[in-house]
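Take a look at the structure set out below.
Read-outs throughout are calculated quantities, based only on the coordinates presented, and are distinct from any laboratory measurement. None of these values were measured; they are calculated from a predicted model. Ideal geometry is used to build each Cβ from the backbone, glycine not excepted, and the neighbour counts take in all protein chains shown.
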Amino acid sequence: MKANYGYKDGSGDFYITIDTDLCNGCGECVTVCPAKLFAVQPDENDPLRDVPTAVVAGENRNKLKYACAACKPISNRPPLPCMKACKPGAIQHSW
Ligand code: SF4
Ligand code: SF4
């Protein structure tokens, strides 16, 4: 399933989506994110799942626009570290 974390405000939509069907719980996103937005934990939406999944943890969900700003210059935006590190391609950003 697709788990969406984030919010919408007057300046846009700021969501990180994690496809829990693709996520294998490897933890690479936790390691590379300079803002420490991710955690790997049991899937609260699927108690029977036997591998943990990545989530955007706690209060981080309410400040994504600012927390991710360092990775997202307006021009010459490089590949985002989290998306680059995620080999199964489980992470997407809405902005
Ligand atoms: S890097 Fe990708 S596969 Fe690994 S825990 Fe993060 S979201 Fe899941
Ligand atoms: S864009 Fe940067 S700060 Fe935002 S989640 Fe990805 S690695 Fe972390």
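Before moving on, here are some points about what is shown:
- Our helix-only sum for the chain, with -39,500 (n - 2.57) per DSSP H run of n ≥ 4 divided by its residues, gives a mean residue ellipticity at 222 nm of -2500 deg cm²/dmol.
- Projected area, mean over directions - the chain, Cα convex hull, nm²: 5.9
- Dividing the mean sequence gap of close Cα pairs (under 8 Å, 6+ apart) by how many residues the range 2-93 holds gives a relative contact order of 34 percent.
- Potential lengthening of the chain between residue 92 and residue 69 amounts to 6.7 nm, from the contour at 0.36 nm per residue minus the alpha-carbon distance.
- Anchor residue 63: lysines whose Cα lies under 17 Å away (excluding residues fewer than 8 positions away in-chain): 8, 36, 72
- Within the range 2-93: Cβ-based charge dipole about Cα centre, in debye rounded to nearest 20 (Lys, Arg +1; Asp, Glu -1): 480
- For a label point 7 Å along the Cα-to-beta-carbon line of residue 31, residues of the range 68-92 with backbone N under 17 Å: 81-91
- With each label modelled as a point 7 angstrom along the Cα→C-beta vector, the residue 21-residue 4 pair spans 1.7 nm.
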